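The values are calculated or read from the model by the stated rules, or taken from the named source; none is laboratory data. Only a predicted model underlies this, so the values are computations on that prediction, with no experimental measurement involved. FYI the Cβ positions are ideal-geometry reconstructions off the backbone, even for glycines, and counts take in every protein chain you see. To get the accessible areas, we keep the full protein, side chains included, count just its heavy atoms, and leave off ligands, DNA and RNA. Shrake-Rupley method; radii C 1.70, N 1.55, O 1.52, S 1.80 Å.
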Amino acid sequence: MNLYEVNPSQVRALPLVSRMKYFENQKRWKECADVATRAFGQNKDIQGWVMVSWLSCSLKRAEVQEKPEEVLFRPISTLQKSITLLDRGPWRQHLGTLWLRGLAALIDQNSSLVDSALAWAFLRPELLSPELKNKYFERLQKTKHQTSFGSKRTYAPASSDPELEMNQSLPGKFQKLWRDRLVDTYNGLWDVKSPEIGVFFGQILKLDAVKLADIAQNLHRRANYSDALTLCEEALRQGSSTTSLLWMAGRSSLFVGQYEKAKTYFQTLIERHSGTEEYFEGLFRLGLLHFRLGNPLQAVTYFERLLATGRDKTELNTRYWYVRSLYAANSERANVERDSLIEDYPFSYYGLKLIAEKNENKISFDVKDLPELPKQVTLVGDAVHTWKRAQKLLKAGLWIEAGQEISELPWSRNPILQLAWARWLAKNKQWPPAIRLVNQAFENSPGLKNWDMMKFFFPQDYIGLIKVESERRMLHPRLIQSLIRQESAFGIRAVSTSNAMGLMQMIPPTANDIAKQMKLTLQMPEDMYSPVINIPMGIFYVAQMLEEFKGHVPLALASYNAGPTRIKLWLASRADTKELTSVISTEPRDEIWFDELPWNETSFYVKAILRNVLLYQMREENSLTLKPAFWADLTTKNAKTL
């Protein structure tokens, strides 16, 4: 059941738990809380999750109530009577945080409910924000309590800093990288293209090799490749030849188009620093550079050296450009290596391209018998209760809560069992673990790779909303589906290490900027987890990136991942990429920049989404004819004819 797509006229017929969650999704806080009071008593096995929604909705109501205690007293007192919910179940951390927030809202009320909760709160200091700590500290002073709050000493007088008083030990301190004020000033001047920049750069050049290398790394990260190269060369002139220095010099030379220098620095790197991470990258970039310069035989040599190391991390990219180099050199081995790559990586972007070229631009897969998957999996102990709760939540449409339950189940390393789990998860809309498991199964047992299995893992969720918003921005829905699959694997509450949130993984600054342009009022982070908000905002941003890069889909995707400023700086650094926005082509030489990018994540990201576009079409049509520059049609009014 997808509660985001329920017809409003059918809400009254929903089970209590489903109705409660529907109202929560719709921000109808009072109705959510009212239904939760009944759902709590009737669903003992999932009371923890019901209480999470009850408290969440009550807290939202309390924000606009003159007397929040009238709204919060009942759920908090109910939880007080079922306090063991805070010590078990995957809801416990979230529930504990909500409970303490509710107590903080009631803390000025002189009630025994708050006083009895303080002792428990002190055992959970990790749940308290600085604001909550301050409130509890003030409460303690008023009630003349003194407690250690997890330490062996008591509170200081009320005039002391409560943050310091309530935490005897702070998290470990990390040493910051050395930053010279001169460099900070220089970076600021470079950002605004100030004419005074030369004076500051001259002073930097007088520093010793160690500091020059450190500053060069800073400039390299900021995409100031020209000045980074100058500093690297000065440090090399002073006698330094560290791995990172040669690596930066080679990359910076490449990115500004000084290819002979790049070859020299990468060649020195692989000769002096064999076996390092930089060595492997040096081999790959030398092969790629020689291919770009029309020297396929030299490219073959470097790719063969890299493949001989057994380096799995770059194997697909290396083998693809090795195949391209063999064809360019008219080698008889080209077809053999092509077929081998197709066999090992049939569902990759490069594998699909080679399949199309082999079959007169047609992409299809051989029919294989599906492996027989077990219909039952044995669970023991707590996993049995977890499984039952997950099934009940899924039936009620509480996908996020079910996903948290499922994440606590033990996963098998047996590829057949992984596929069995993946199929079940896919049928129940648990896409992130389903996609992760099918990928693991195929990686662990390549012989299991099968299109009839793979196609189940390209979701059609939210397709109605995606179509409406995509057509509004003149985009093909398949592009958005493909991006969502890569960004979040259709996980509504996906959060990245950079705090990108929701289906289309928007970071807060970007989300706030887009919201202003769309004249939306956001409640962060909750709104980022709502498909009806996240998807329109994400599509708006995709359309913006496409406009900035003149409809060039791969560049727009790269900018969605790495940021438009970084992509523009990288493109502007050399003649071969300055006019890339006008190159509408999927020829290998016009896609070589995918693997020349400075960021491995972005390189993988662009190819993964283009791959997804093709496989989504395969899912719908079972076969396709690959058109030249197929991605160009993803941004036109007639994109539906793709």
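Roughly speaking, what is the stretch gain from HIS385 to ASP344, that is 0.36 nm per residue apart minus the C-alpha to C-alpha distance, in nm to one decimal?
10.8 nm is the gain from fully extending HIS385 to ASP344.
Can you work out ³J(HN,Hα) from phi for every residue in the stretch 533-545, in order, using Karplus 6.51 cos²θ - 1.76 cosθ + 1.60 and θ = phi - 60°, giving whole Hz and x for Gly and Pro?
Using θ = phi - 60°, the values come out as 9, 5, 5, x, 5, x, 5, 4, 5, 4, 4, 4, 4 Hz.
For the chain, what does the alpha-carbon gyration tensor say about shape, rounded, prolate or oblate, given a ≥ b ≥ c as the root eigenvalues, a/c under 1.5 as rounded, and a/b over b/c as prolate?
Since a/c reaches 1.5 but b/c is at least a/b, the shape of the chain is classed as oblate.
Are any of the pairs LYS81/LYS429; LYS313/LYS578; LYS44/LYS516 more than 32 Å apart by Cα-Cα distance, and if so, which?
Check vs 32 Å cut-off fails for LYS81/LYS429; LYS44/LYS516.
Taking the alpha-carbon set of the stretch 269-321, what are its Rg and Dmax in Å?
Final numbers for Rg and Dmax: 10.2, 28 Å.
Scan around LEU624 for amide H atoms under 5 Å from its own, H built in the peptide plane at 1.01 Å from N, and keep only partners 5 or more places away or cross-chain.
When sequence neighbours closer than 5 places are left aside, the close amide H contacts are ILE363.
Once both labels are modelled 7 Å past Cα along the beta-carbon direction, what's the LYS375-ALA629 spacing in nm?
Taking the simple label geometry, LYS375 and ALA629 are separated by 5.4 nm.
Under unit Cβ charges (Lys, Arg +1; Asp, Glu -1), what dipole magnitude, rounded to 20 debye, does the chain have relative to its Cα centre?
For the chain, the charge dipole is close to 1400 debye.
What's the angle, to the nearest 10 degrees (0 to 90), between helix 415-427's Cα axis and the longest principal axis of the chain?
60 degrees
Grab the beta carbon distance between ALA575 and LYS313, set R0 = 30 Å, and tell me the FRET efficiency rounded to 0.05.
Once the sixth-power term is evaluated, E becomes 0.45.
For the chain, give me every cysteine whose Cβ has no other Cys Cβ within less than 4.7 Å, ordered by residue number.
Cysteines lacking a close Cβ partner in the chain: CYS232.
Between the stretch 521-590 and the stretch 448-488, how many Å separate their Cα centres?
18 Å
Tell me, what HN-Hα J-couplings in whole Hz come from the Karplus equation 6.51 cos²θ - 1.76 cosθ + 1.60 at θ = phi - 60° for each residue of the stretch 65-76, using x for Gly and Pro?
9, 5, 10, x, 5, 5, 8, 8, 4, 5, x, 5
Within the stretch 524-587, list the trypsin sites (Lys or Arg not before Pro) lying in a DSSP loop whose Cβ has at most 15 other Cβ atoms in a 10 Å radius.
LYS550
Could you give each residue of the stretch 15-29 its phi-based ³J(HN,Hα) in whole Hz, using Karplus coefficients 6.51, -1.76, 1.60 with θ = phi - 60°, and x for Gly or Pro?
x, 3, 5, 5, 5, 4, 5, 4, 5, 5, 4, 8, 6, 9, 5
Set the Förster distance to 60 Å, then compute FRET efficiency between LEU293 and GLU408 from the Cβ-Cβ distance, nearest 0.05.
After rounding, the FRET efficiency stands at 0.65.
Roughly how many nanometres apart are two label points built 7 Å out from the Cα toward the Cβ at ALA329 and LYS516?
In this crude label model, ALA329 to LYS516 measures out at 5.4 nm.
What size of dipole, in debye to the nearest 20, comes out for the stretch 394-459 about its Cα centre when the only charges are +1 on Lys and Arg C-beta atoms and -1 on Asp and Glu C-beta atoms?
200 debye
If you roll a 1.4 Å probe over the heavy atoms of the protein chains, what accessible area per residue do you get for the chain, in Å²?
Result: 48 Å² per residue.
Radius of gyration and Dmax for the stretch 530-587's Cα atoms, expressed in Å?
Rg and Dmax of the stretch 530-587, Cα atoms, are 12.8, 43 Å.
What is the set of long-range amide H partners of MET506 at a cut-off below 5 Å, with H atoms built 1.01 Å from backbone N?
Amide H neighbours of MET506, under 5 Å, 5+ apart: MET501.
Taking all protein chains together and a probe of 1.4 Å, list HIS273, HIS220, HIS385 from the most accessible to the least accessible.
Ranking HIS273, HIS220, HIS385 by accessible area, largest first, yields HIS385, HIS273, HIS220.
Taking 0.36 nm per residue of sequence separation and subtracting the Cα-Cα distance, how much length would be gained by fully extending the chain between ARG12 and GLU471, in nm to one decimal?
162.0 nm
Calculate for the chain the 222 nm mean residue ellipticity that helices alone would give, adding -39,500 (n - 2.57) per DSSP H run of length 4 or more and normalising by residue count, nearest 500 deg cm²/dmol.
Calculated from helices alone, the mean residue ellipticity at 222 nm is -18500 deg cm²/dmol.
As an exercise, use a Förster radius of 41 Å and the Cβ-Cβ distance of VAL367 and ASP45 to find the FRET efficiency, rounded to the nearest 0.05.
For R0 = 41 Å, the calculated efficiency reads 0.40.
So how far apart, in nm, are the two label points at ILE584 and ASN2 if each is 7 Å from Cα heading toward Cβ?
3.2 nm
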